[in-house]
Amino acid sequence: MTPFLAEYIGTAIMILLGGGVVANVVLNKTNGNNSGWIVITTAWALAVFVGVTIAGPYSGAHLNCAVTVANLIIGKMDTPTSLSYITAQLLGAMTGAGLVWLFYKDHFAATEDPGPKQAVFCTSPSIKNLPINLFSETLGTFVLIFTILHFKDATMADNTTIGLGSIGAIPVALLVWAIGLSLGGTTGYAINPARDLGPRIMHAILPIKNKASFNASYAWVPVLGPILGASLAAIAYLLIY
């Protein structure tokens with residue numbers, strides 16, 4: 001397992017489970033149809049837990065371009081490595097989104113409304129107000145990254161660092177859950193450029209009948225907002241510590 005492959009697989013499975021819960025809730029004739037926001041935010045948090053558990057030992061489990069940008073800014077990564085991570089995340093997100101479509105193909109066909117079908121792949125604002133939408137994605141990602149930068153490994157009495165194994169993924173899952181519940185109502189909390197852009201591209205190229213447009217007038221928000229939020233969080237962390 002290489003870091004690139006770990007980021008690719010971890011991100012793909014995260015999107016498979018995260019996009020999968022949205023499909024289960026919003027597409028017609030599924031067993032989970034209309035089960036609501038709590039189901040979506042909970043499953044997304046668990047999807048992050050699964051992805052981090054898989055990739056953590058091999059890449060540090062960024063699974064998110066914003067996390068990679070923050071690590072680049074604080075000096076934990078060089079530029080070539082960060083670019084390889086971002087590439088793996090984007091490809092993984094596209095793969096995961098494609099698998100969601102294949103898994104729920106019959107339910108996509110049974111759903112006439114293009115809005116829910118697009119929602120399986122990418123985010124959109126509840127009320128389109130681009131400055132506020134950008135602020136939402138920026139602040140949500142700031143909370144994500146600033147908190148992640150404070151995560152610490154457990155230490156022994158002699159200051160020897162010890163890993164937490166798979167349970168080390170629990171804090172980030174709870175963090176994503178909290179952001180979804182508290183700050184996800186305006187834009188759907190992409191807080192990850194790859195998570196939104198990769199599936200959005202797949203939505204555009206897959207043979208889905210009666211689908212919505214790429215929505216280029218908004219698509220930049222869940223890319224730029226998380227990058228801004230991550231950059232501000234990293235700079236704040238450096239200034240404070």
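Just so you know, all these numbers are worked out from the coordinates, no wet-lab data involved. In this text, all values refer to a predicted model and were calculated from it rather than measured experimentally. As a convention, Cβ positions derive from the backbone with ideal geometry for all residues, glycine included, and neighbour counts pool all protein chains shown.
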| said: Just checking, does region 20-38 include any residue being of a type in the set (G, A, S) and either in contact with a Ser or Thr (Cβ under 7 Å, 6 or more places away or on another chain) or in contact (Cβ under 8 Å) with a residue 60 or more places away in the chain (or both)? | reply: yes
| Residues of region 213-241 that turn out to be within 17 Å of A190 (Cα to Cα), among the small types (G, A, S) and exposed (fewer than 15 other Cβ atoms within 10 Å of the Cβ), as a count | 2
| Every residue from region 193-212 that is crowded, with 21+ Cβ neighbours inside 10 Å and of a type in the set (G, A, S) | A194, G198
| message | So L174 passes all but one of these: (1) surrounded by fewer than 24 Cβ atoms within 10 Å (Cβ to Cβ); (2) under 19 Å from F135 (Cβ atoms). Which condition number does it fail? | response | (2)
| remark: Within region 130-142, restricting to residues that are touching a Gly at 6+ places or on another chain (Cβ under 8 Å) and of a type outside the set (F, W, Y), the one that is surrounded by the fewest Cβ atoms within 10 Å (Cβ to Cβ) is L139
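If I filter region 54-86 down to residues being polar (S, T, N, Q) and farther than 20 Å from G18 by Cβ, which single residue comes out as surrounded by the most Cβ atoms within 10 Å (Cβ to Cβ)?
Going residue by residue through region 54-86, those that are polar (S, T, N, Q) are 59, 64, 68, 71, 79, 81-82, 84.
Okay, now just the ones that are also farther than 20 Å from G18 by Cβ, so 71, 79, 81-82, 84.
On the way: N71: 21, T79: 8, T81: 16, S82: 19, S84: 17.
Going through the qualifying residues, I end up with N71.
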| field | Lone unmet requirement of (1) surrounded by fewer than 20 Cβ atoms within 10 Å (Cβ to Cβ); (2) within 18 Å of P222 (Cβ to Cβ) for K105 | value | (2)
| request: State yes or no: is A47 small (G, A, S), free of Cβ contacts under 8 Å to residues at least 40 places away in the same chain and closer than 23 Å to G225 by Cα? | output: yes
| query | Hey, Q89 hits all of (1) in a loop (DSSP other than H, G, I, E, B); (2) of a type in the set (S, T, N, Q); (3) under 13 Å from the mean Cα position of the chain (by Cα) but one; which does it fall short on? | reply | (1)
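Could you say whether any residue in region 39-51 is touching a Pro at 6+ places or on another chain (Cβ under 9 Å), assigned to a helix (DSSP H, G or I) and closer than 19 Å to F121 by Cβ? So that I can check it myself, show each step before the final result.
Of the residues in region 39-51, the ones touching a Pro at 6+ places or on another chain (Cβ under 9 Å) are none.
Checked region 39-51: no residue is touching a Pro at 6+ places or on another chain (Cβ under 9 Å), assigned to a helix (DSSP H, G or I) and closer than 19 Å to F121 by Cβ.
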